[in-house]
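Enquirer: Below is the structure I would like to discuss, written out as structure tokens.
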Amino acid sequence: MSEGFDIAIVGAGMAGASLAAALLAAAPRLKIALIEGEAQPGYHATGRSAAFWTESYGGPGVLPLTLASGPLLCDLGVLTPRGALTLGRAGEGAALDSFAARYGALGVRVERLGRAELARRIPGLREGWQEGVFEPDCADIGVAGLHQHYLRVAKRGGAEVLCGAGLTAAKRVGDGWRLTLRDGRVLTAIVLANAAGAWADDVAALAGVRRLGIQPYRRTMVQLRCAAPVPADLPLVLDLAGSFYFKPEGTSLWLSPHDETPSPPCDAAPEEIDVAHAIARFERVTDWRALRVEHRWAGLRSFAPDRLPVYGFERHEPGFFWFAGQGGFGIQTAPAAAELGAWLLLGEAGPVPFGGALDAAAYAPGRFG
């Protein structure tokens, strides 16, 4: 005997949980199932994020989602002020000016800094790093707290979270779907929503829907213990070339070589060469002495071909809803993306989210043909 739902969402990480919460806020009578393949939600990308809210991260196409999400994240109490400092080498002044002008014109607060100010903010900064752009509004995000908030809201609204129950078959039956889960359960749903992260294209193929070319990329993180405690007020430090970033985590340091290695959907693990790259690039920035690697991990960040998220009904299968391709910015844009996704899924009923500040067409799956 099958269980019937209005909407079945594949994936209970940040994307799926936030979408379920937003749907139930807008339409409390909906019957929603969150289908999670792992034993606990958020095991993959959500649980491995070193998330920060940085307006320039993801580029101008993502910026409206980031700006709309900022006040909502603040209201939820999951932001901690950090600041972000993008460094440039000698000769990169013009590129830094362009970076600052581009985002300043879009409403991002930016400050151009010279060598003396860089050295004050980053003790032990090596020679060669001459200029930078500071974004004072960057903040750390309490990822676990945000994810648990959305799960609580969804469950309180009646959503059923089905863990350890990956989707194994999806068949169109009449105006809905017949869904078979790994644990043998069978569900029916009117709408199948794809919030499966790295597995988004696989879920589409399972449902007989075209793949959009959403590609997972491995990103490596290292927790490093240095000889001296990391300053608590150190900003998030990045470089203009996008070859590293690091920030404090307690008295240790989180750093990444900013790698993007194409990967199949999987339980990602760090490669030793990427850990070595992370440390080597960090040591080219500061003279801090590294004592040991305390922890290393990797996660998958999944992008559509144009590196913008995909929100909306599949043009060729109106019962299939995309909520995927959110790359490395899915945490910082979660509140706005969820509200936009819910509005689209519910047939664009009610006022346009955020007063029309978000261009839903820019994220529609129909842009791929």
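Each value in this text was obtained by applying a stated rule to the coordinates, not by laboratory testing. All values derive from a computational prediction rather than experimental measurement. Cβ placement follows ideal geometry from the backbone for every residue including glycine, while neighbour counts extend to all protein chains displayed.
Enquirer: Report the rotationally averaged projected area of the stretch 77-204 based on its alpha-carbon convex hull, in square nanometres. List each step's numbers first, then the result.
Expert: On the way: hull surface 52.2 nm².
Answer in nm², one decimal: 13.0.
Enquirer: Tell me, what are the semi-axes, in whole angstrom and largest first, of the equivalent ellipsoid of the stretch 112-165 as set by the roots of 5 times the Cα gyration tensor eigenvalues?
Expert: Numbers: eigenvalues 413, 30, 13 Å².
Result for the stretch 112-165: semi-axes of 45, 12, 8 Å.
Enquirer: So, one more: Quick one: what Rg and Dmax do you get for the stretch 228-369 from the alpha carbons, in Å?
Expert: Every Cα atom of the stretch 228-369 included, Rg and Dmax give 19.5, 58 Å.
Enquirer: With Kirkwood's inverse mean 1/r over C-alpha pairs for Rh, give me the Rg to Rh ratio of the chain, two decimals please. Please report the intermediate quantities before stating the final value.
Expert: Values: Rg = 21.1 Å, Rh = 21.3 Å.
Using Cα coordinates only, the ratio equals 0.99.
Enquirer: Moving on. So what's the convex hull volume per residue for the Cα atoms of the stretch 295-358, in Å³?
Expert: So the per-residue hull volume is 114 Å³.
Enquirer: Additional query: Exactly which GluC sites (Glu not before Pro) in the stretch 104-205 are in a DSSP loop and have at most 11 other Cβ atoms within 10 Å? Mind showing how you got there, number by number?
Expert: Numbers: sites: E111, E117, E127, E131, E160; in loops: E127.
Sparse-neighbourhood loop GluC sites (Glu not before Pro): E127.
Enquirer: Rounded to the nearest 5, what is the percent of antiparallel bridges among the DSSP beta bridges in the chain?
Expert: 70 percent
Enquirer: Normalised by the residues of the stretch 87-131, what does the relative contact order come to in percent, with Cα pairs under 8 Å and at least six apart?
Expert: Here the relative contact order equals 56 percent.
Enquirer: Using alpha carbon centroids, what distance separates the stretch 66-111 and the stretch 118-142, in Å?
Expert: The stretch 66-111 and the stretch 118-142 have Cα centres spaced 12 Å from each other.
Enquirer: Report the GluC sites (Glu not before Pro) located in the stretch 275-369 that are in a DSSP loop and have at most 14 other Cβ atoms inside 10 Å of their Cβ, or state none.
Expert: Details: sites: E283, E294, E314, E339, E348; in loops: E348.
When the GluC sites (Glu not before Pro) of the stretch 275-369 are filtered for loop state and at most 14 Cβ neighbours within 10 Å, E348 remain.
Enquirer: Next question, about the same structure. Taking 8 Å as the Cα distance limit and 6 or more residues as the minimum spacing, I'd like the relative contact order of the chain as a percentage.
Expert: Relative CO of the chain lands at 22 percent.
Enquirer: Could you pull out every residue, at least 5 positions away or on a different chain, whose amide H is within less than 5 Å of the one on V161? Hs are placed 1.01 Å off N in the peptide plane, and Pro or chain starts have none.
Expert: L34
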